[in-house]
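Note sheet for the following structure.
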Amino acid sequence: MHPLRFIEFLTLKFHKHFLFLCVNALFAGEGDIADFTLDNGLKVIVMEKHAIPVVSINLWYDVGSHDEWDGIRGTAHLFEHMMFRGTESIPDGDFDRLLDEVGGDNNAGTNNDHTIYYERLPSGKLELVIKMEADRMQNLVLNQEILDTEREVVHEEERQRSADPISKLILKFMRNSVPEGHPYVETPIGIMEQLDTVSVATCQAFYDMFYAPNNAVLIIVGDVDPNNTKSLAETYFGPIPPSHNLPPDPDLSVPDREEKITLLEKSSFDIPVTFMGYQIPSAKHEDIQALEVLNSILSGGESSRLHQRLVRKDKIALFSAGQTFTRKGPGFFLYFAFYFPHVKPQKIEATIIDELTSIKLNGVTDHELTKARKQLLAEKVFQRYSAGSLANSLGNAEMIYGDYHEYEKEIERFSSVISADLQRVANSYFNDENLMVMHITPEDLTFGKKLLMRIASIFVGG
């Protein structure tokens with residue numbers, strides 16, 4: 001081995017082991033994880049983290065938009081709102097008020113696969129949250145007034161999205177990323193015409209089916225005692241009966257694409273945009289870490305390949321970025337660029353493909369790999385300082401892999417990515433038949449705006 005190569009090898013090994021030492025030091029004497037499952041099927045994961053007297057709670061329900069059927073599209077997201085409207089013992093508005101009084105906060109989110117409820121508060125008030133979450137798992141009040149009010153809130157969200165021309169087209173892009181009839185074909189916001197016909201009885205049936213202990217995972221991270229936490233979970237969640245009519249998981253597989261999909265759209269946005277998405281496998285697939293490292297090289301900041309090529313060198317774009325969009329089923333590897341009106345969209349597409357082809361043929365440099373891997377590893381390490389991030393990582397691993405211990409292997413997976421992996425995944429996924437492109441051009445761009453943009457393009461990238 002060449003001496004310089006050997007020094008570089010030792011440097012890489014040092015960085016890898018240094019990051020592992022950081023993680024070990026961070027959790028020295030704490031961070032022990034315990035888990036147990038109640039008789040009704042609720043799995044509880046508890047991580048001790050005693051640095052500060054705070055606790056983060058995640059309650060994951062295994063229900064998302066992919067579980068909906070035709071006629072109720074948007075109901076999973078609707079429930080994210082209705083779950084805050086109160087129970088028989090905790091009136092409407094008191095959930096937020098009670099948390100606020102003890103210095104806590106909360107939020108929720110719905111995606112294709114799951115619905116998640118989050119709380120963060122002083123660890124001495126853990127019982128309050130466990131009691132309230134158990135209460136609304138079983139005793140949520142559902143009536144016509146609540147349904148109508150929260151349905152209008154969702155309508156307002158949809159109106160705001162529709163008013164943003166780019167957001168509206170991104171949703172269309174996502175819908176077209178899977179075949180018609182696939183469980184992912186509708187985004188969590190749903191179809192307003194269907195949501196308008198959903199009845200209280202349908203909502204009650206949906207709630208009884210999916211909001212049950214055997215369809216949920218409770219994650220608690222912070223300054224807590226596992227034995228006390230188990231006792232609280234048994235006291236409040238233990239009496240809740242399981243759901244006996246959970247449907248089987250939907251089939252999320254997709255056939256291989258046979259040809260490129262191209263969508264041509266008009267928008268009131270003044271700047272043309274191109275989105276390019278390559279279909280990639282499930283979040284638990286062994287190629288995902290390599291794809292994330294590759295995405296960092298291609299679009300991770302101003303030194304990335306695409307920014308340097310599109311913005312700095314060729315000066316044809318104002319901005320470019322990318323993301324690996326992963327989920328329980330197939331996801332996509334997304335790139336987009338905002339560019340000047342005088343530039344043809346085909347030029348943007350061809351330039352991005354040229355950069356991807358270069359990696360397919362020649363791979364990446366050792367410097368690019370080292371930098372991207374270090375950045376991603378640092379992000380993963382620093383996320384572990386936060387109880388909230390830890391709870392989210394544990395929940396995601398449990399829901400995606402079926403085993404929360406997989407989160408512990410995350411750093412090792414990123415550390416083991418090598419240059420050959422990046423070239424292999426580039427050749428596996430960056431192919432025309434696996435590509436979907438959306439070119440968005442302005443509906444009406446005046447001569448004056450075109451001229452100003454043309455002048456601006458002269459100075460971009462300097």
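What FRET efficiency, computed as 1/(1 + (r/R0)^6) with R0 = 45 Å and r the Cβ-Cβ distance, is obtained for Asp403 and Arg97, rounded to the nearest 0.05? Show your work: numbers first, answer last.
Details: r = 37 Å, r/R0 = 0.83.
After rounding, the FRET efficiency stands at 0.75.
Restricting the GluC sites (Glu not before Pro) of the range 167-226 to loop positions (DSSP other than H, G, I, E, B) with no more than 11 neighbouring Cβ atoms within 10 Å leaves Glu180. For the range 261-459, relative contact order (Cα pairs under 8 Å, six or more residues apart, normalised by length) works out to 38 percent. Taking the fewest neighbouring Cβ atoms within 10 Å as the starting point, the ordered list for Thr326, Thr87 is Thr87, Thr326.
With the convex hull drawn over the C-alpha atoms of the range 252-293, the volume per residue is 137 Å³.
State which entries of Lys43/Lys409; Lys344/Lys380; Lys131/Lys374; Lys172/Lys328 exceed 30 angstrom in Cα-Cα distance in the structure shown. If you can, show how the numbers build up before the last one.
On the way: Lys43/Lys409 21 Å; Lys344/Lys380 39 Å; Lys131/Lys374 42 Å; Lys172/Lys328 20 Å.
Violating the 30 Å limit, Cα to Cα: Lys344/Lys380; Lys131/Lys374.
Normalised by 2.2 N^0.38 Å, where N counts its residues, the alpha-carbon radius of gyration of the chain equals 1.08.
Pair-distance distribution of the range 33-236: all C-alpha pairs, bin width 10 Å, starting at 0; shares per bin in whole percent are 8, 33, 33, 20, 7, 0.
The convex hull built on the alpha-carbon positions of the range 243-394 has an orientation-averaged projected area of 13.2 nm². Counting every other Cβ atom within 10 Å of each residue's Cβ, His405, His367 order from fewest to most as His367, His405. When the P(r) of the range 136-210 is calculated, the portion above 18 Å amounts to 52% of the C-alpha pairs.
What does the charge count around Pro226 come to, taking other residues whose C-beta lies under 10 Å from its C-beta (Lys +1, Arg +1, Asp -1, Glu -1)? It would help to have the intermediate numbers written out before the result.
Numbers: positive: Lys230; negative: Asp32, Asp35, Glu48, Asp225.
Overall, the nearby charge balance is -3.
Order the peptides 214-225, 153-164, 113-124 from the highest to the lowest mean number of other Cβ atoms within 10 Å of their residues. Don't skip to the answer; put the middle values down first.
Working: 214-225: 23.0, 153-164: 12.8, 113-124: 21.3.
By packing density, highest mean first, the sequence is 214-225, 113-124, 153-164.
Neighbour counts of other Cβ atoms within 10 Å put His285, His66, His182 in the fewest-to-most order His285, His182, His66. Listed values for the range 263-274 are Karplus-derived 3J(HN,Hα) couplings in whole Hz (6.51 cos²θ - 1.76 cosθ + 1.60, θ = phi - 60°), namely 10, 10, 10, 10, 8, 7, 5, 7, 10, x, 9, 10, and x replaces Gly and Pro. A cut-off of 5 Å between modelled amide H atoms, ignoring neighbours fewer than 5 places along the same chain, links Ile280 with Gly331, Phe332, Phe333.
Between Ala420 and Leu171, the modelled labels are 4.6 nm apart [label points 7 Å from Cα along Cα→Cβ]. With the simple spin-label model, which puts each label point 7 Å out from Cα in the Cβ direction, the Glu145 to Leu263 separation comes to 4.1 nm.
The H on the amide N of Ile191, modeled in the peptide plane, is under 5 Å from the matching H of Arg73, Gly74, each at least 5 residues off or on a different chain.
Only the coordinates and a few stated rules stand behind these numbers; no lab work does. Computed from a predicted structure; not experimentally measured. Here the Cβ is made from the backbone with ideal geometry for all residues, glycine too, and neighbour counts use every protein chain on show.
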